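The values are calculated or read from the model by the stated rules, or taken from the named source; none is laboratory data. What you are looking at is a predicted structure, and each value in this text was computed from that prediction instead of being measured. Reconstructed Cβ throughout: ideal geometry from the backbone, glycine too, with neighbour counts over all protein chains shown. The accessibility values were calculated without ligands, DNA or RNA, using every heavy atom of the protein model including side chains. Shrake-Rupley method; radii C 1.70, N 1.55, O 1.52, S 1.80 Å.
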Amino acid sequence: MTEFLQLTVSGLGKGAVYALLALGFVIIFKATDVVNFAHGSLVLLGGYVVIATKDILGYAGAAAVGIAAAGLGALLVERLLISQSKLADPISLVLLTIGVDVIITEEIIRRLGVTAPFLGGPLEGAPLRLGNIVVFRPQLIALIVGVVLITAFFLAFRYTGWGVAMRAQAENREATALMGIRSSWVTGSAWLVAGLLAGVAVLFIATQDFSGAGLGRGTHAIALAAFPAAIIGGLDSTGGAVLGGVIVGLTEAYTAGYISFDFSESAIYLVMLLVLVARPVGLFGTRELSRV
Amino acid sequence: MSETFSQGPGSGTGSGTAAGTDTATADGDAGTTAARRRNLLSGNRMLRPAAVILLLVVLLALPLYLSASWLRAGEFVMIGAVGAIGLTLLIGQAGQLSLGHAFFLFVGAVSYTVLAPDPGLRGENAELVSLGWPPALALVGAVVICALLGLAFAPISGRVRGIYLAVATLALVFLGFYLGRELVSLTGGTGSGRAPADLSLFGFCFCDERPEDLVVLGVPFGEAERLWYAFLALTVVGYLLARGAVRGRPGRAWRAVRDNEAMASVMGVPLARSRAGVFAISSGYAGLAGAMLVVWFGILKPDESEIGTYGINVSIAFLAMVIVGGLGSIPGAVWGAALVYGLEKVLELTVTSASIFGIVGFTPVLLTQFVYGAAIILVVLFEPGGLAAIGRRLTAALASTTEKGR
């Protein structure tokens, strides 16, 4: 029982980070119909900027700059590339983001060289003990930060003008434009928010207690796990993304604990396949209907 | 050059909806554009077979002139071409996105190694499974196994569309990565791997044994020269089969499903079967490429991380070939392979210093990745038809100038 609770706590902490990433995918998909394969490279970009500025600005300053850099990177991808190719079909745009991903990732990996620095900072420290359960700090803080950010996002999505504009555009782009909402503003801000969330996520991913590995190719691979999270929930469902993130986090923790650590990475993808067999558009995704 | 292969007379009858503006299809241009192009090219009717024959003669003669390392670079490109042809059918013709190509490459490599006899280089490792089929049969077996495995993925590949399929197939890569480490009796494990048998056909070995036995025009034919011909034959067969499928009934069905599901099903195309079928065919091509790859490498070694010989990076490299070449175009896939795999090998052969431009860590592999990353972006932004479309336009321009000159 203790082990189960232990794994659940750890899985929820991981799930919160996956949820942040998956939420980013979904926001981008809703606003621009693009599945952003460059998300992993944005995660790396944020992490790299933190590493590069840590000595000058201190951890808190560097973290802020890193988050901003990831957001800005996403905004630039949208402004310079995605918005320039409105006529391209969604598959071409996906391929475009793969091209972006290759370039950013390879350059950052080259700059990092053989080092894989940890982003730990004040996040890492002696684990907390609740009875028999050990709670690693990055996971606990990730859970808190995740809950706060996700709640803030949903409140904004529900009540602010920005949220209304986002939802309106996802429903019907032409009508929204006719209502005087600037489409570029909506799509740009969607990418910006997704990038910021990726920048937050990397602060937790590249720590000893979360992944056991510093910033590097492994970080990119972990960020990919947000894909199954988004797909499980359904690519166009924000609530689904959060649930998907939690499912992925828990699956990873349970399989790593009860079966084997090596298997846990495959397990999350197997869960995704099972969901896709049952529901080809994910748990909460909208089924596309075609009218003849 | 690309025009030489892509458009025979009468091949321009693509799907009904794909007009000449639909640059995403090589063979899908219908109606006026194709007709006009046929007129433009009518003066060059002799030119086309002549160019094909010339190209084949050059390719057949190259082993007489190139050194083994350059031949091996060419063989690597052929491996890429076979894999890319399979992927372009799936992505370009059927509109399904797959990131699982590397997984089928891996399955093909393992299947060949397990089916073929164990070369016995590592006799101490007795638990390795080996069925001892003749290598040529093992090659066919690898293709069949991959195609069947692709077919077994039908519950997903037949129902899940486009981008969802891309992420679903990502699962296969991670699964292959896990199984590669676990099934040591098949794969040899990540530590040492295992050696595959040399390719041979009816007792003729495509390997280095007794090179003095086979001397052609004063050139001793070792493994590199012999494999060149074997790979060339496999590539040409793969090319022709794919071209036949694209021009025939299956190709029309794929394009119909891609362009308009409702229309396709009204016309009597079974959607799920068509999608699952093209996925299986694409997997078979990847399996062949994988078997070729393991013969080329001379060792089967599962990856130790997600990035490796059969990792996500390989799936992305194949995507790049297909995009840069022009989605759906079979000659385009070959040109894409020449760019993505060829550039890397050419740089490795020509660049002697450890880092290009004196920048630390700027390796040929990295430069190649930058080039194809940028090429993907440029192609999507400016020329969705890729190299194939550029080639078509060049030949059309060439044809119109020769026409005027008459």
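Screening the range B:380-392 for residues that are among the aliphatic types (A, V, I, L, M) and open to solvent by less than 20 Å² (accessible area, probe 1.4 Å) and picking the one that is nearest to the other protein chains (Cβ to nearest Cβ) gives B:V380. Any residue in the range A:116-128 that is in contact with a helix residue (DSSP H, G or I) (Cβ under 8 Å, 6 or more places away or on another chain), open to solvent by 10 Å² or more (accessible area, probe 1.4 Å), over 21 Å from B:V380 (Cβ atoms) and within 14 Å of chain B (Cβ to nearest Cβ)? The answer is yes; a qualifying residue exists.
Residue-wise test of (1) touching a Lys or Arg at 6+ places or on another chain (Cβ under 7 Å); (2) at pLDDT 75 or above; (3) among the polar types (S, T, N, Q); (4) in a helix (DSSP H, G or I).
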{"residue": "B:P196", "(1), (2), (3), (4)": "no, yes, no, no"}
{"residue": "B:E212", "(1), (2), (3), (4)": "no, no, no, yes"}
{"residue": "B:R226", "(1), (2), (3), (4)": "no, yes, no, yes"}
{"residue": "B:Y229", "(1), (2), (3), (4)": "no, yes, no, yes"}
{"residue": "B:A245", "(1), (2), (3), (4)": "no, yes, no, yes"}
{"residue": "B:V257", "(1), (2), (3), (4)": "yes, yes, no, yes"}
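Filtered by the rule that a residue be more than 7 Å from chain B (Cβ to nearest Cβ), open to solvent by 20 Å² or more (accessible area, probe 1.4 Å) and not acidic (D, E), the range A:92-111 gives A:I104, A:I109, A:R111. Here A:A69 fulfils each of the conditions (1) free of Cβ contacts under 8 Å to residues at least 40 places away in the same chain; (2) away from chain B (no Cβ under 14 Å) apart from (1).
Quick check on the range A:14-33: of everything there that is in a helix (DSSP H, G or I) and not aliphatic (A, V, I, L, M), which residue is nearest to A:E78 (Cα to Cα)? Restricting to residues being in a helix (DSSP H, G or I) and not aliphatic (A, V, I, L, M), the top hit is A:T32.
For the range A:53-69, the tally of residues that are within 22 Å of the chain's Cα centre (by Cα) and open to solvent by 30 Å² or more (accessible area, probe 1.4 Å) stands at 6. No other residue among A:V114, A:V102, A:V147 is under 19 Å from the mean Cα position of the chain (by Cα) and within 30 Å of B:T363 (Cα to Cα) apart from A:V102. Cβ-Cβ contacts under 9 Å between residues 6 or more apart (or on different chains), taken from a first residue in the range B:305-328 that is more than 9 Å from chain A (Cβ to nearest Cβ) to a second residue that is open to solvent by 10 Å² or more (accessible area, probe 1.4 Å) and basic (K, R), are listed as B:G308/B:K301; B:T309/B:K301; B:G326/B:R392; B:G328/B:R258. Any residue that is touching a helix residue (DSSP H, G or I) at 6+ places or on another chain (Cβ under 9 Å), within 9 Å of chain A (Cβ to nearest Cβ), open to solvent by 30 Å² or more (accessible area, probe 1.4 Å) and part of a helix (DSSP H, G or I) - is there at least one of those in the range B:159-170? Yes, the range B:159-170 contains a residue that is touching a helix residue (DSSP H, G or I) at 6+ places or on another chain (Cβ under 9 Å), within 9 Å of chain A (Cβ to nearest Cβ), open to solvent by 30 Å² or more (accessible area, probe 1.4 Å) and part of a helix (DSSP H, G or I). Quick one: would you say A:G245 is on the phi > 0 side of the Ramachandran plot and open to solvent by less than 30 Å² (accessible area, probe 1.4 Å)? Against the criterion (on the phi > 0 side of the Ramachandran plot and open to solvent by less than 30 Å² (accessible area, probe 1.4 Å)), A:G245 does not qualify.
Do we find a residue being modelled with pLDDT under 75 and under 23 Å from A:I109 (Cβ atoms) anywhere in the range B:361-373? Yes: one or more hits.
Please work out if A:R167 is open to solvent by 20 Å² or more (accessible area, probe 1.4 Å), over 20 Å from A:I67 (Cα atoms) and basic (K, R). Against the criterion (open to solvent by 20 Å² or more (accessible area, probe 1.4 Å), over 20 Å from A:I67 (Cα atoms) and basic (K, R)), A:R167 qualifies.
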